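The values are calculated or read from the model by the stated rules, or taken from the named source; none is laboratory data. Values in this document were obtained by computation on a predicted structure and should not be read as measured data. Cβ atoms come from the backbone with ideal geometry, glycine included; neighbour counts cover every protein chain shown. Heads up: the accessible areas ignore ligands, DNA and RNA and are worked out on the full protein's heavy atoms, side chains in. Shrake-Rupley method; radii C 1.70, N 1.55, O 1.52, S 1.80 Å.
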Amino acid sequence: MERAVRELWAESRDLLGLHSPDDAAAAAADAAMPRAEMPPTPLAFLRDHVSPGRPLLVSSAATSHWPAASLWPTDSYLTDALRSTAVSLHLTPDGRADALAPHPRPSHPGAKCFASAHVRQVDFPTAVRLIRSSDPASGLVAYAQQQDDCLRGEYAAVAGDVDAHVPWASDALGCLPEAVNLWIGSACSQTSFHKDHYDNIYVVVSGEKHFLLLPPTEHHRLYVRDYPAAHYAAEDEAELRLKLELEEPERIVPWSSVDPYPPSPEEAAAQASSFPLYFEGPRPIRCTVRAGEMLYLPSMWFHHVSQSPGPNGLTIAVNYWYDMQFDIKYAYFNFLRSLEIDGSSSKKTDALEDDLEETND
């Protein structure tokens, strides 16, 4: 079964027109990502990307008419426009919100939990100051990442600087976006591997976003497991010292176990040993989205995101979430997910199958 699933990975990428799993040069150069110099027509977008579930990177021509393209990367525009606005700021000690962290109880050595950020309301200038001064060494990283249609809520004063929706995407998908979010962070923040039940149009306005992508067919490679939910709380309000607390009553979150960038050689060795389907499988598809560019990320695609700031010291992005269609692709994904494959017996199985083939010869 595992060998068949591995073959599916290669066949699925080939069907989508993505690079060969063994093409290291193409992976390093982002060559796998389909690109368009101009926004597609709704028909071409539906036919070539939405229906097959194929990502697309659109050049900055798609956003050249946005006032935000020239205004938001400046040092003062957003701070002046939002000076009296209270916003939700997400705080973690290391820039990893909605990610796995060591279990906070000493009685669970080596165990992990799913950690969410501490969220507090601050005025926007304070938020920008904390984001720019973020430093994991000091135990505080700030990220404005409220995912509740926040551009049309907390940031409504500047929502008119971008399109209310993406016309060619709305026409192809047959609906308007369910949520439009604003993201403001620094190089210290990253987002762990996860998937969304939305078709996502992600636009970078300042800086760059660096995506690692895996198609839904490669679900098993991320070793999604159940983890107890926890959240960071302010241990010291004045100095914003954070501590991790388990949620009560207990809540379980299924989450990817894989860290594609282990922090130490020891952790890298442990990850490679524990999660061979990821580290021994085809390379993730790499994509850097630069200022002005627009990424279409189909629903259910797994993505890990890191970022680099622009000249103003911030990474600023807007994303449009369109509700996904729960169609045959979703049913197929659920069937694939139900197969129990973890890679622990892959080498033994492959060796046995090779021996049988040699015997038959």
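Numbers at a glance
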read-out: Close pairs (8 angstrom Cβ cut-off, 6 or more residues apart or separate chains): in contact (Cβ under 8 Å) with a residue 12 or more places away in the chain in region 282-307, of a type in the set (K, R) and surrounded by fewer than 21 Cβ atoms within 10 Å (Cβ to Cβ) anywhere; value: P282/R13; P298/R54; S299/K195; M300/K195; M300/K329; W301/K195; F302/K195; H303/K195
read-out: Residue list for region 165-198, filter: in contact with a helix residue (DSSP H, G or I) (Cβ under 8 Å, 6 or more places away or on another chain), assigned to a loop (DSSP other than H, G, I, E, B) and open to solvent by 30 Å² or more (accessible area, probe 1.4 Å); value: L176, C188, K195
read-out: Filtered residue count, region 54-79, keeping only those that are surrounded by fewer than 16 Cβ atoms within 10 Å (Cβ to Cβ), over 19 Å from I201 (Cα atoms) and in contact with a Gly (Cβ under 9 Å, 6 or more places away or on another chain); value: 1
read-out: Single residue of R221, R286 found to be outside any loop (DSSP other than H, G, I, E, B), in contact with a helix residue (DSSP H, G or I) (Cβ under 8 Å, 6 or more places away or on another chain) and within 30 Å of S206 (Cβ to Cβ); value: R286
read-out: Yes/no for H231 being assigned to a strand (DSSP E or B), over 20 Å from A115 (Cα atoms) and open to solvent by 20 Å² or more (accessible area, probe 1.4 Å); value: no
read-out: Any chance R83 is over 30 Å from S64 (Cβ atoms), open to solvent by 20 Å² or more (accessible area, probe 1.4 Å) and charged (D, E, K, R); value: no
read-out: When residues of region 219-264 are limited to those that are among the polar types (S, T, N, Q) and at pLDDT 95 or above, the one nearest to the chain's Cα centre (by Cα); value: S256
read-out: Identity of the residue in region 111-144, among the basic types (K, R) and in a strand (DSSP E or B), that ends up most open to solvent (accessible area, probe 1.4 Å); value: K112
read-out: Residues (among the hydroxyl-bearing types (S, T, Y) and surrounded by 14 or more Cβ atoms within 10 Å (Cβ to Cβ)) located in region 264-293; value: S274, Y278, T288
read-out: Some residue of region 91-110 being surrounded by fewer than 16 Cβ atoms within 10 Å (Cβ to Cβ) and of a type in the set (A, V, I, L, M); value: no
read-out: Some residue of region 20-39 being at pLDDT 95 or above and either among the acidic types (D, E) or open to solvent by less than 10 Å² (accessible area, probe 1.4 Å) (or both); value: yes
read-out: Matching option when the condition is free of Cβ contacts under 8 Å to residues at least 40 places away in the same chain, within 19 Å of S116 (Cα to Cα) and not aliphatic (A, V, I, L, M), among E266, E247, E239; value: E247
read-out: Residue that is surrounded by the most Cβ atoms within 10 Å (Cβ to Cβ), among those in region 250-263 that are free of Cβ contacts under 8 Å to residues at least 60 places away in the same chain and over 30 Å from P311 (Cβ atoms); value: P262
